[in-house]
Amino acid sequence: MNILLKSAKIIDTNNEALHLKTRDIHIKNGIIVKIAAKIEPESKTQVVKHKNLHVSIGWFDSSVSFGEPGYEERETIENGLHTAALSGFTDVILNPSTHPCPDSSSDIVYLKSASTGLATNLYPLGTLTMKADGNDLAELYDMKNAGAVGFYDYKLPVTNANLLKVALQYVQNFDGLVYSFPLDTKIAGKGIVNEGEVSTKLGLKGIPTLAEELQVARDLFILEYTGGKLHIPTISTANSVKLIADAKKKGLNVSCSVAIHNLIYTDSVLEQFDSIYKVMPPLRTKKDAKALLKGLKDGTIDFVTSNHTPMNIEEKRVEFDNASNGTIGLESAFGSMNQLLDIETVIAILSKGRERYGLKSPEIKEGEVACLTLFNPDDTYVFTEEHIKSTSKNSMFISAELKGKVYSIINNGQHTTND
């Protein structure tokens with residue numbers, strides 16, 4: 001690799017010397033060797049020029065699902081990581097949503113090996129319990145040593161409070177991160193959408209916000225008792241934001257995330273009866289979306305995630321009650337976020353979070369390994385199925401107007417481009 005980025009505007013709020021500066025960047029053998037106002041290309045140098053070229057450290061997504069093993073028709077690891085690369089992401093956290101689910105060190109080794117040699121890095125989560133059945137803790141220590149960065153029974157709440165207590169105490173021995181999905185299943189019952197005016201009008205069974213908030217409150221009480229590290233994925237209500245903000249003020253070691261679609265869409269879109277909008281947690285109200293956005297801006301919410309969840313089309317084109325939850329989101333993540341916030345904030349949000357998982361954050365600096373995303377923040381377009389690189393096409397962003405184009409990523413000594 002011998003690449004010269006010409007006239008690239010650097011977006012890096014953590015680097016005052018280079019932030020918002022336009023520079024040439026020379027990359028050799030995967031290392032940033034020179035950053036200067038003007039660099040003349042050497043022989044056999046690939047010169048990269050783009051309209052309105054911007055560059056940042058590579059983007060990070062804390063929640064993606066693929067299908068392999070077990071559901072390869074939805075998305076293989078290779079195609080999923082290629083999709084992530086074309087969407088601007090150099091690092092992704094992989095949910096344990098496969099069959100069989102990864103509950104042993106050998107499962108983690110398989111996932112890591114399946115991603116070897118690709119431009120985007122994959123960091124797998126292992127399940128918290130054996131077979132994700134909520135009964136007995138899985139091989140947490142062994143999975144951590146094999147490369148698991150956290151433990152999560154995917155989209156399943158930890159219903160046994162004592163098991164969560166024991167898990168949080170146990171993982172402190174090796175700095176493990178425990179996930180707890182925010183849903184009280186007894187309160188949620190058979191609900192499938194947000195409980196409110198829209199669900200009543202449409203005659204759909206609702207999930208009250210209380211179902212999320214009770215679980216969040218319980219988990220925070222347990223964390224306060226045990227210590228340890230807790231992550232609450234994809235919160236969706238205004239009161240959840242408040243509960244977590246209060247917990248952080250107490251000094252509790254808790255983090256949380258929000259799915260991009262919960263920031264942008266509300267349950268009003270359900271009036272179309274289109275199952276593409278059926279997700280978990282469900283789309284909530286305008287008040288909730290506003291509170292989530294505020295929590296993201298003030299730092300209460302740590303990560304925004306695409307919550308990329310590929311599904312076969314036959315799992316969506318059925319009656320609303322019977323449709324599976326989930327939407328893909330990698331390809332639309334940047335364009336939708338960029339419609340919502342200013343570009344500096346968008347890049348700061350998409351770039352942060354690695355430290356929570358014990359990963360080193362890259363830097364735009366001479367002598368550092370190149371981990372970069374190249375993009376144009378001003379390009380506007382209507383998102384269509386042609387923009388989808390995933391094997392599955394279940395995106396709720398189809399026909400939405402998005403802003404921002406990803407040109408490529410440079411990572412692991414590779415240049416993966418959309419051109």
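The values are calculated or read from the model by the stated rules, or taken from the named source; none is laboratory data. Not measured: the values here are computed from a predicted model. With ideal geometry, Cβ positions are generated from the backbone for all residues, glycine too; neighbour counts draw on all protein chains shown. SASA here: full protein model, heavy atoms, side chains in, ligands and nucleic acids out. Shrake-Rupley method; radii C 1.70, N 1.55, O 1.52, S 1.80 Å.
In square angstrom, what is the accessible area per residue of the range 312-404 with a 1.4 angstrom probe?
43
Probe of 1.4 angstrom, ligands and nucleic acids ignored: what's the accessible area per residue over the range 17-113, in square angstrom?
Result: 40 Å² of accessible area for each residue.
Measuring from centroid to centroid over Cα atoms, what is the spacing of the range 259-312 and the range 378-406 in Å?
When both Cα centres are located, 17 Å separates them.
Tell me the Rg and the Dmax, in Å, that the Cα atoms of the range 358-419 produce.
According to the Cα coordinates of the range 358-419, Rg and Dmax are 15.0, 43 Å.
Suppose only helical runs count, i.e. DSSP H with n ≥ 4. What mean residue ellipticity at 222 nm does that imply for the chain under -39500 (n - 2.57) per run, divided by all residues and rounded to the nearest 500 deg cm²/dmol? Can you show the working numbers first?
Numbers: 12 runs with 115 residues, N = 419.
Result for the chain, helices only: -8000 deg cm²/dmol.
Using bins 10 angstrom wide from zero, how does P(r) for the range 208-261 break down, in % of all Cα pairs?
P(r) over the range 208-261, rounded to whole percents: 25, 59, 15, 0.
Considering only C-alpha atoms, what is the centroid distance from the range 204-225 to the range 154-187, in Å?
What the calculation gives is 13 Å, centre to centre.
Over all alpha-carbon pairs in the range 79-176, figure out the percentage whose distance exceeds 17 Å.
50
Just to confirm my numbers, what's the Cα centroid distance between the range 53-91 and the range 92-122 in Å?
Between the Cα centre of the range 53-91 and that of the range 92-122, the gap is 12 Å.
Summarise the long-distance tail of P(r) for the range 73-119 by giving the % of C-alpha pairs beyond 14 Å.
Across the range 73-119, Cα pairs with separations above 14 Å total 53 percent.
Let's test the formula: R0 of 35 Å, r as the Cβ-Cβ distance of Asn135 and Ser361. What FRET efficiency results, to the nearest 0.05?
My answer for the efficiency is 0.45.
Probe of 1.4 angstrom, ligands and nucleic acids ignored: what's the accessible area per residue over the range 231-282, in square angstrom? Please list the in-between numbers first.
Working: 1700 Å² over 52 residues.
Per-residue value: 33 Å².
Within 10 Å of each candidate Cβ there may be at most 14 other Cβ atoms; applying that plus a DSSP loop requirement, which trypsin sites (Lys or Arg not before Pro) in the range 35-74 survive?
Here the sparse-neighbourhood loop sites are Lys38, Lys44, Lys49, Lys51.
When the Cα atoms of the range 265-382 are enclosed in a convex hull and the volume is divided per residue, what value in Å³ results?
For the range 265-382, the hull spanned by Cα atoms encloses 151 Å³ per residue.
How far, in degrees from 0 to 90, does helix 209-226 lean away from the longest principal axis of the Cα atoms of the chain, to the nearest 10?
Between helix and principal axis, roughly 80 degrees.
Stretch Glu78-Val382 to full length: gain in nm at 0.36 nm per residue minus the Cα-Cα span?
106.8 nm
Note down the magnitude of the dipole of the chain about its Cα centre, charges +1 on Lys and Arg C-beta and -1 on Asp and Glu C-beta and zero elsewhere, to the nearest 20 debye. Spell out each step's value before the answer.
Details: 44 positive and 51 negative charges, 205 e Å.
Dipole size: approximately 980 debye.
Would you mind working out the magnitude of the charge dipole of the range 229-362 relative to its Cα centre, with +1 at each Lys and Arg C-beta and -1 at each Asp and Glu C-beta, to the nearest 20 Debye? Write down the numbers at each step before the final one.
Details: 18 positive and 15 negative charges, 161 e Å.
Using only the charged Cβ atoms, the result is roughly 780 debye.
Counting only DSSP beta bridges with both residues in the chain, tell me the antiparallel percent, nearest 5. Provide the component values of the computation, followed by the final result.
Values: 29 of 56 bridges.
Antiparallel bridges make up about 50 percent of those DSSP assigns within the chain.
Using mean Cβ contacts within 10 Å as the protection proxy, how do 167-174, 263-270, 306-313 order, highest first?
In descending order of packing, they fall as 306-313, 263-270, 167-174.
Roughly to the nearest percent, how much of the accessible area of the chain is carbon and sulfur, given a 1.4 Å probe? It would help to have the intermediate numbers written out before the result.
Values: 8330 of 17030 Å².
Carbon-and-sulfur percentage of accessible area, whole number: 49.
Report the one residue of Ala333, Ile207, Ala188 whose Cα lies farthest in the direction of the positive end of the charge dipole of the chain (charges on C-beta: Lys and Arg +1, Asp and Glu -1; origin at the Cα centre).
Ala333
Based on Cα coordinates alone, diagonalise the gyration tensor for the range 262-311, multiply each eigenvalue by 5, take square roots, and list the semi-axes in whole Å, largest first.
22, 15, 6
I want the local charge near Leu341. Using Cβ-Cβ distances under 15 Å, sum +1 for each Lys or Arg and -1 for each Asp or Glu among the other residues.
Neighbourhood net charge equals +1.
Taking the square root of 5 times each eigenvalue of the Cα gyration tensor, what semi-axes in Å does the equivalent ellipsoid of the chain have, largest first?
Semi-axis lengths for the chain are 34, 25, 21 Å.
Roughly how big is the range 1-160's charge dipole about its Cα centre, with Cβ charges of +1 (Lys, Arg) and -1 (Asp, Glu), in debye to the nearest 20?
In total the dipole reaches around 1220 debye.
Which entries of Lys294/Lys403; Lys286/Lys316; Lys112/Lys405; Lys21/Lys49; Lys201/Lys393 have Cα-Cα distances beyond 23 Å here?
Lys286/Lys316; Lys112/Lys405; Lys201/Lys393
Kirkwood Rh and Cα-based Rg: tell me the resulting Rg over Rh for the range 127-259, rounded to two decimals.
1.00
Reachable aspartates and glutamates from Lys249, Cα under 17 Å, same-chain residues fewer than 8 places away excluded?
Asp219, Glu224, Asp298, Asp302
I need two numbers for the range 23-99: Rg to one decimal and Dmax as a whole number, Cα atoms only, in Å.
So, for the range 23-99, Rg and Dmax equal 17.4, 52 Å respectively.
Note the full-extension length gain between Asn160 and Asp274 as 0.36 nm times their separation in residues minus their Cα-Cα distance, in nm to one decimal.
Numbers: separation 114, 0.36 × 114 = 41.04 nm, distance 3.46 nm.
Working it through step by step, the gained length comes to 37.6 nm.
Taking K and R as +1 and D and E as -1, what net charge do the other residues with C-beta under 9 Å from the C-beta of Cys371 add up to? Please list the in-between numbers first.
On the way: positive: none; negative: Asp91, Glu363, Glu368.
Computed value for this residue: -3.
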